[in-house]
Amino acid sequence: MSAIKKTKKRNQSKGKVIQLRLIPNESNQQKEKLVNGLWKVAQSALWNGRDFSISEQEELKQLVAEHFENNKNIKRNFKDLVERICLAKRFVSRRKGRYISKPIDWLNINYKNGLSGTASWLEDVKEQRKSVPHYNEGITTLANGILKYMESPNIIVFQRYRRMLLEQKQADLLSIFQITIINLQYGL
């Protein structure tokens, strides 16, 4: 993605001329990277094993991108969204008969029973952490680990967060972490 920068040049015969030139916008590149990463997390956690066409993936990434609109701190938003995906995965896993809607619905910012509806769940977790500091800390570890890996994809980061999730006895999150890293690394 790019932004437009206006530069003024004087032309003696015509007065002022405004020339438009494209410059890379680091913020948009970072947002695009986080959108791709969040899609990989959602795919790994909620729809692992399902193949999506390139056009389906692009459409779903557009829905994910809407969750980043009007956010000043996109890294914080990314981590919150990862935690919310994990909360949804755990909600579904706790009781037979629960399910996640199809991706086109669940990722839609206007669908209250999807990702948008999990905002209050994360707020409840944050409130609980005021009195129980380590409450559900594995989801934060996972979110931090994926973000760190995206910023610096190397074995040291991978091993560090893998070890932390093992120490916290977060087998379900470890699985999501490892599958997401594979998907990020190999573009699956």
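How many residues are closer than 24 Å to Asn36 by Cα, of a type in the set (A, V, I, L, M, F, W, C) and surrounded by 11 or more Cβ atoms within 10 Å (Cβ to Cβ) if we restrict to segment 150-170? Before the answer, list the steps.
We begin by selecting, within segment 150-170, every residue closer than 24 Å to Asn36 by Cα; these are 150-162, 165.
Then keep just the ones that are of a type in the set (A, V, I, L, M, F, W, C); that gives 150, 155-158, 165.
When the remaining residues are screened for being surrounded by 11 or more Cβ atoms within 10 Å (Cβ to Cβ), the result is 150, 157-158, 165.
Residues flagged as closer than 24 Å to Asn36 by Cα, of a type in the set (A, V, I, L, M, F, W, C) and surrounded by 11 or more Cβ atoms within 10 Å (Cβ to Cβ) within segment 150-170 amount to 4.
Listed conditions (1) under 16 Å from Leu147 (Cα atoms); (2) surrounded by fewer than 10 Cβ atoms within 10 Å (Cβ to Cβ); (3) at pLDDT below 90 are all met by Asn73, apart from (3).
Please specify each residue of segment 111-160 satisfying the condition of being of a type in the set (Lys, Arg) and on the phi > 0 side of the Ramachandran plot.
Residues of segment 111-160 that are of a type in the set (Lys, Arg), as a first pass: 112, 126, 129-130, 148, 160.
Hits for segment 111-160: nothing passes.
Every listed requirement among (1) closer than 23 Å to Ile146 by Cα; (2) at pLDDT 85 or above; (3) assigned to a helix (DSSP H, G or I) is met by Asp51 save one, (3).
Filtering segment 90-123 to residues that are surrounded by fewer than 20 Cβ atoms within 10 Å (Cβ to Cβ), not acidic (Asp, Glu) and not in a loop (DSSP other than H, G, I, E, B) leaves Arg90, Phe91, Val92, Ser93, Arg94, Ile104, Ser116, Gly117, Ala119, Ser120, Trp121, Leu122.
Restricting Ala65, Ala45 to residues that are among the hydrophobic types (A, V, I, L, M, F, W, C), in a helix (DSSP H, G or I), within 14 Å of the chain's Cα centre (by Cα) and under 22 Å from Asn136 (Cα atoms) narrows the list to Ala45.
Mind telling me which of the residues Lys148, Lys169 ends up being under 14 Å from Val41 (Cβ atoms) and out of contact with any strand residue (DSSP E or B) (no Cβ under 7 Å at 6 or more places or on another chain)?
Details: Lys169 fails: under 14 Å from Val41 (Cβ atoms).
Exactly one of Lys148, Lys169 is under 14 Å from Val41 (Cβ atoms) and out of contact with any strand residue (DSSP E or B) (no Cβ under 7 Å at 6 or more places or on another chain), namely Lys148.
The values are calculated or read from the model by the stated rules, or taken from the named source; none is laboratory data. All values derive from a computational prediction rather than experimental measurement. Here the Cβ is made from the backbone with ideal geometry for all residues, glycine too, and neighbour counts use every protein chain on show.
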